[in-house]
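Here the structure comes first, spelled out in structure tokens, and everything after it is commentary.
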Amino acid sequence: MAKRSTEPTSRTWQLQNGITLTVSYGRPAPPLAAIESYLSDILAYFKERRDELHEDLYREGPPEPGWAMYGRKFCGNCYLIHESDNEGNYLPTDTWVKAIIAAHTAATTVINMLENLEEYRAQADGWLMEAVAALGKRNGDLDAFELILKRVNKSVFQQP
């Protein structure tokens, strides 16, 4: 009998403007709602820096890791990083906000799809059909998040 792995695993997604979201977790993978919760928290952090502290450039390096929580259950650690920060190529705080909004939008879209899966199945065509099909598989919410995130990254807040 094969022994079940207890080693932590991770998933990484590319956000806009070279920002990377990584979630490290044990098994099973966290539900997307836990990652959406982290994105909500980190979005509030960056909005405060932009709107209340009037910080034009974010020079603090990677934000502190956050937790992927589902209710009261800890599901993993979340990290955002912008590699060019190491060379002093900082992003405007507003750019961080917009990248996180795009990721949050993708997460809430998938969560909405899960809540209304039969309606989406009945109407899905084109690229959306692939996301709906992913939702029927193990860790499919994370796979669907990746598919939707790629679409959102191409369309939301992009300069012509």
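The values are calculated or read from the model by the stated rules, or taken from the named source; none is laboratory data. Remember, it's a predicted structure, so these values are computed and weren't measured experimentally. Don't worry about glycine lacking a Cβ; one is built from the backbone with ideal geometry, like all the others, and counts go over all protein chains shown.
Take the residues in segment 17-38 that are in contact with a helix residue (DSSP H, G or I) (Cβ under 7 Å, 6 or more places away or on another chain), more than 17 Å from residue 109 (Cα to Cα) and not β-branched (Val, Ile, Thr); name whichever of them is modelled with the highest pLDDT. Write out each step before concluding.
First, pick out the residues of segment 17-38 that are in contact with a helix residue (DSSP H, G or I) (Cβ under 7 Å, 6 or more places away or on another chain): 17-19, 21, 23, 29, 31-33, 35-36.
After this cut, where a residue has to be more than 17 Å from residue 109 (Cα to Cα) as well, the list is 17-19, 21, 23, 29.
With the extra rule that they be not β-branched (Val, Ile, Thr), the set shrinks to 17-18, 21, 29.
Numbers: 17: 92, 18: 93, 21: 97, 29: 82.
Of everything passing the filter in segment 17-38, 21 is modelled with the highest pLDDT.
Is it the case that residue 105 is among the hydroxyl-bearing types (Ser, Thr, Tyr), out of contact with any strand residue (DSSP E or B) (no Cβ under 7 Å at 6 or more places or on another chain) and under 21 Å from residue 139 (Cα atoms)?
On the way: among the hydroxyl-bearing types (Ser, Thr, Tyr): yes; out of contact with any strand residue (DSSP E or B) (no Cβ under 7 Å at 6 or more places or on another chain): yes; under 21 Å from residue 139 (Cα atoms): yes.
Answer is yes for this residue.
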Given the criteria surrounded by 12 or more Cβ atoms within 10 Å (Cβ to Cβ) and over 26 Å from residue 111 (Cα atoms), does residue 52 qualify?
no
Residue hits (segment 30-69; in a loop (DSSP other than H, G, I, E, B) and under 15 Å from the mean Cα position of the chain (by Cα)) are 30, 31, 63, 65
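Quick one: is residue 74 more than 29 Å from residue 128 (Cα to Cα) and in contact with a helix residue (DSSP H, G or I) (Cβ under 6 Å, 6 or more places away or on another chain)?
On the way: more than 29 Å from residue 128 (Cα to Cα): yes; in contact with a helix residue (DSSP H, G or I) (Cβ under 6 Å, 6 or more places away or on another chain): no.
So residue 74 fails the test.
Counting only residues that are more than 12 Å from residue 36 (Cα to Cα) and surrounded by 11 or more Cβ atoms within 10 Å (Cβ to Cβ), how many does segment 138-156 have? I'd like the intermediate steps shown before the answer.
Applying the first criterion (more than 12 Å from residue 36 (Cα to Cα)) to segment 138-156 yields 138-140, 143-144, 146-156.
Subsequent filtering for residues that are surrounded by 11 or more Cβ atoms within 10 Å (Cβ to Cβ) retains 139-140, 143-144, 146-153, 156.
Number satisfying all stated conditions: 13.
Could you tell me whether residue 68 is at pLDDT below 95, of a type in the set (A, V, I, L, M), surrounded by 13 or more Cβ atoms within 10 Å (Cβ to Cβ) and in contact with a helix residue (DSSP H, G or I) (Cβ under 8 Å, 6 or more places away or on another chain)?
Values: at pLDDT below 95: yes; of a type in the set (A, V, I, L, M): yes; surrounded by 13 or more Cβ atoms within 10 Å (Cβ to Cβ): yes; in contact with a helix residue (DSSP H, G or I) (Cβ under 8 Å, 6 or more places away or on another chain): yes.
So residue 68 fits the description; yes.
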Of everything in segment 14-44 that's in contact with a Pro (Cβ under 7 Å, 6 or more places away or on another chain) and crowded, with 17+ Cβ neighbours inside 10 Å, which residue is farthest from residue 96 (Cα to Cα)?
25
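Out of the residues in segment 70-98 that are of a type in the set (Val, Ile, Thr) and under 17 Å from the mean Cα position of the chain (by Cα), state the one that is farthest from residue 36 (Cα to Cα).
Quick first cut of segment 70-98, residues of a type in the set (Val, Ile, Thr) only: 81, 93, 95, 97.
From what is left, the residues that are under 17 Å from the mean Cα position of the chain (by Cα) are 81, 95, 97.
Details: 81: 17, 95: 19, 97: 15 Å.
Per the stated criteria, the residue is 95.
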Go through (1) without any contact (Cβ under 8 Å) to a residue 12 or more places away in the chain; (2) among the hydrophobic types (A, V, I, L, M, F, W, C); (3) loosely packed, with under 13 Cβ neighbours inside 10 Å for residue 74 and report which single condition fails.
(3)
